Every structure is written in structure tokens, then in C-alpha cells.
Amino acid sequence: MSLSGKREKLRDPFEIARNRMVDNQIVARGIKDPRVIAAMRKVPRHLFVDEALWDQAYGDFPLPIGEGQTISQPYIVALMTEALQLQGDEKVLEIGTGSGYQTAILAELARKVYSIERVPSLVERARRVLAQLGYTNVVIRLGDGTKGWPEEAPFEAIIVTAGGPKIPEPLLNQLADGGRLVIPVGDEYSQDLVRVTRVGKRLVTENFGGVRFVKLIGDHGWRA
Ligand code: SAM
């Protein structure tokens, strides 16, 4: 086979679909952070869902990942990530690893990512995919993320990718001065995407609009 033929074979067959996703769903809707846009052009989202769903992986919707859970809509991943305002040197806490796709985006943009997931099979699968893709700045732990990860606190950024009835108090306590916490808060069916920024002892809250997430289940979330 010629060299150009070999190159063609090695190319990611979803690269065109991924760039179209970024142009039409993310940039067109107002996401501006060039680092977030570059990360979303790079991470192969299809590898985080079952092979039977690969051809839908770049669509404008969430997809099932098993255990009644979902990988979030690409635009929502971009919106939440941009809201974290990552510069590259942060320690980030993620609650709700799910497929590990959002974890990979964070790993592209921050120094180290600590991620917590409550479903054992999802932890195993996310660990495997992230290792195969070569991410070495990610640690995933099985447990109730509403309690945070006190041994590693404080965090410059915290992202919760499941909807809670309120902001879990331990997460606010583990937010560094100047740090940003992004979380969907509301009832079981709809939530507001909220960003809380710690300024010394003060917490500044901003609302990014309505979203719909699966439930955040835990001591400081919904009951199982
Ligand atoms: N960000 C994920 C992705 O890219 O695939 C999607 C996450 S999915 C919408 C929400 C995840 O939060 C589910 O996998 C669910 O099991 C998890 N979850 C819910 N409550 C949790 C808790 N208290 N601690 C850790 N994970 C939790």
C-alpha cells in the first residue's frame, strides 16, 4: 500500500462528522473559548459509546450509555466546560464520570482531573477508554460524588454532570478561592445550569439557563 493510502486508513473516519458537530452545534451556538473548541475537535466522542451507536455519536442529542445513564449532548458539554474558565493549570473535580467523554475534554484543558462515578460498570468502562486514549492526568473513583473528594481539595473547578435538588454543601467547601462550580440544580425533570464562583467567603451565583439531566443521587443529592 502507498504511504498516502496508509495515511488514509489511519485517519479517524469520524473526523469530518466531529468537525461538523463543532461548527454547527457548538461554534454556531456561541461557544467562543478556542481551547474548548479545539478539545471538542480532538476527542473521539464515538469511542465513549457502544459501537452500535457510533454513527449517532456526533448528533445533537444525548445518547444512552447503559445503567439508565446518558452521555450529555455535545453542546451542553461545551457550555459547561466553557463556564469553568479553565486555563490549563487547574485541579478539577468532576461528579458523574458516566462515559468518561466529559472527563477527556477536561483532561485536555486542565492539569489534573479527579472524577467520581457511583455506578461500578461505568467506572470500569471509562477507565479503560481513557487509558486506551492515553490520558494520564485522570483519576476515577467509585463513590458518592456529592461528598466531594476532601483529601484532594481545594479544587479550582468543580463540574457536576447530574441534576441535584440543591448545591451539595461539601462541594462548596472544597472550592478554592476564585474557583468555579458548575451544576444543574432543580427538580427531577428540569434544572437551571448554575455557576457559583467563590470570592473569599462570598459565593457569586450566575444562571446559564434551563437544562435536563439525570438525577444526582447521594447523601447531598436525591435519594436512591
Ligand atoms: N459527563 C458524562 C459523560 O460525558 O458521559 C455524563 C454523565 S451522566 C449525564 C450523569 C452521571 O452521574 C451518571 O453516570 C450517574 O451514574 C452519575 N451520578 C449520579 N449521581 C452521582 C453521585 N452522587 N456521585 C457520582 N456519580 C453520580
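The values are calculated or read from the model by the stated rules, or taken from the named source; none is laboratory data. These numbers were taken from a predicted model, which means no experiment stands behind them. Glycine gets a Cβ as well: all are built from the backbone with ideal geometry, and neighbour counts include every protein chain shown. The accessibility values were calculated without ligands, DNA or RNA, using every heavy atom of the protein model including side chains. Shrake-Rupley method; radii C 1.70, N 1.55, O 1.52, S 1.80 Å.
Residues that are among the polar types (S, T, N, Q), surrounded by fewer than 21 Cβ atoms within 10 Å (Cβ to Cβ) and within 14 Å of the ligand (Cβ to nearest atom): does region 116-131 have at least one? Break it down stepwise before answering.
In the first step, residues of region 116-131 are kept if they are among the polar types (S, T, N, Q); the result is 121.
Then keep just the ones that are surrounded by fewer than 21 Cβ atoms within 10 Å (Cβ to Cβ); that gives 121.
With within 14 Å of the ligand (Cβ to nearest atom) added as a condition, the list becomes 121.
Yes, region 116-131 contains at least one residue that is among the polar types (S, T, N, Q), surrounded by fewer than 21 Cβ atoms within 10 Å (Cβ to Cβ) and within 14 Å of the ligand (Cβ to nearest atom).
Return yes when Ala157 is over 16 Å from the mean Cα position of the chain (by Cα), more than 9 Å from the ligand (Cβ to nearest atom), modelled with pLDDT of 95 or more and not charged (D, E, K, R) and no when it is not.
No, not satisfied.
Answer yes or no: is there a residue in region 124-143 that is charged (D, E, K, R), touching a Lys or Arg at 6+ places or on another chain (Cβ under 9 Å) and either part of a helix (DSSP H, G or I) or at pLDDT 95 or above (or both). Let's see the steps before the verdict.
Of all residues in region 124-143, those charged (D, E, K, R) come to 124-125, 127-128, 141.
From the residues that got through so far, the ones that are touching a Lys or Arg at 6+ places or on another chain (Cβ under 9 Å) too are none.
No.
Assess whether Glu152 counts as being more than 22 Å from Gly210 (Cβ to Cβ), over 17 Å from the mean Cα position of the chain (by Cα), more than 14 Å from the ligand (Cβ to nearest atom) and in contact (Cβ under 8 Å) with a residue 24 or more places away in the chain. I'd like the intermediate steps shown before the answer.
Numbers: more than 22 Å from Gly210 (Cβ to Cβ): yes; over 17 Å from the mean Cα position of the chain (by Cα): yes; more than 14 Å from the ligand (Cβ to nearest atom): yes; in contact (Cβ under 8 Å) with a residue 24 or more places away in the chain: yes.
Criteria met by Glu152.
When the residues of region 191-223 are narrowed to those that are more than 14 Å from the ligand (Cβ to nearest atom) and polar (S, T, N, Q), which ends up surrounded by the most Cβ atoms within 10 Å (Cβ to Cβ)? Talk me through it step by step, then tell me what you get.
We begin by selecting, within region 191-223, every residue more than 14 Å from the ligand (Cβ to nearest atom); these are 192, 194-210.
The next check asks that each one be polar (S, T, N, Q); those that pass are 197, 205, 207.
Numbers: Thr197: 17, Thr205: 12, Asn207: 10.
That would be Thr197.
Against the definition (open to solvent by 30 Å² or more (accessible area, probe 1.4 Å), in contact with a strand residue (DSSP E or B) (Cβ under 8 Å, 6 or more places away or on another chain) and within 13 Å of the ligand (Cβ to nearest atom)), how does Leu142 come out, yes or no?
Details: open to solvent by 30 Å² or more (accessible area, probe 1.4 Å): yes; in contact with a strand residue (DSSP E or B) (Cβ under 8 Å, 6 or more places away or on another chain): yes; within 13 Å of the ligand (Cβ to nearest atom): yes.
Yes; evaluated as a whole, the condition is true for this residue.
For region 155-166, enumerate the residues that are buried (at least 18 other Cβ atoms within 10 Å of the Cβ) and without any contact (Cβ under 8 Å) to a residue 60 or more places away in the chain. First the steps, then the outcome.
Filtering region 155-166 for residues buried (at least 18 other Cβ atoms within 10 Å of the Cβ) gives 155-164.
Within region 155-166, Gly163, Gly164 meet the criteria.
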